[in-house]
Each structure stands twice: as C-alpha cells, then as structure tokens.
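The structure appears right after this line, and notes come after that.
Only the coordinates and a few stated rules stand behind these numbers; no lab work does. Not measured: the values here are computed from a predicted model.
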Amino acid sequence: MSGTLNKVMLIGHTGDEVKMHYFEGGGCIGRFPLATNDSYVNKTTGERVTSTEWHNIVVRNKAAEICEKYLNKGDKIYIEGRLKTRKWQDEQGKDRYSTEIQCTDFTFLTPKNEAQSVGGTPQQATNMNAPVATPQQGSSSTPDMEEDDLPF
C-alpha cells in the first residue's frame, strides 16, 4: 500500500443535463456540473449565509449512458470518485488546469415521483426504484409482543 488516498464523496444537485462524448472505439464519457451547498448563520447579523460550490463530474462508458438516460437538471445524486486535474491549452496557448471528479460509483437520490421522465418508459423508472422489502401480513414473531419504535 502506498499510504495515500484520493477519494471524494459528494451529495448535490445536478446543474445541467449530462453532456456525452463518444469515441471511435465505442467508449464514451459524460460530463455534468454538480452543486453542493454550505450554510451557516452570521453571528453578527443573525443572517443565514449559503455558499454553493460547483464540481465537474466525469462518468465513463455504461455509467455515463445510465446518467444520460435518467439524470435531469436539478436531480439529487450521491457521487463517489477521485480527484483528477487535467492540463490543457487555451486559444492563446496558455496552460490551463481543470479539476474534475472521476466518478467510480453513484446513487440517484431524487425520488421517482419527483423525477421528470425524459427517455425511459414508466415501467423502467419503476423498476429502478423498486422497494427493497415489503412487509407481509401475519409475519410478526409472536402475537403477544408489542412493536417498538426502535430503528433496529
């Protein structure tokens, strides 16, 4: 182990639709901005101050196609990935740098009833957000035990 770690975890809202770029070999990448917010109360004025940080997200291949199909502007998403800084030159030949989040995992957090249907059929959207488990009638452990409010 090298003793270093490059890991990013973000929860935010998409700032635009996913922009796709396809390559000759069949691969593709998708890019979209992600906004995260931080807020605090100014102690002198008592006013709530909110600041927004923008992140450039890059997803690849099948993950990019899934994001393009199901993500809309404003949707909430959890992103895991790593920081990557790219160097490029502008029209004047000056070196420029951009830092991106190379996405390795993501989870859509916008509930399906709030998401706007863009491409898929309603059946596809329903299957993506199917409940993990449904309670069944008459499956309590013993009839004389009361249910408690404990989350575990």
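Between THR104 and GLU80, GLY81, ARG82, the built amide H atoms are under 5 Å apart, and every one of these is 5 or more places off in sequence or on another chain. Our summary gives the range 8-66 a relative contact order of 33 percent, counting only alpha carbon pairs under 8 angstrom and 6 or more residues apart.
Which entries of LYS7/LYS69; LYS43/LYS73; LYS7/LYS87 have Cα-Cα distances beyond 28 Å here?
Result: LYS43/LYS73 exceed 28 Å.
Between the range 78-97 and the range 1-68, the C-alpha centres lie 14 angstrom from each other. Phi angles of the range 56-71 translate, via the Karplus equation with coefficients 6.51, -1.76, 1.60 and θ = phi - 60°, into HN-Hα couplings of 8, 9, 10, 10, 10, 6, 4, 4, 5, 5, 5, 4, 4, 6, 10, 8 Hz per residue; Gly and Pro are given as x. In summary, the range 8-115 shows an alpha-carbon radius of gyration equal to 1.26 times the 2.2 N^0.38 Å reference for compact globular proteins.
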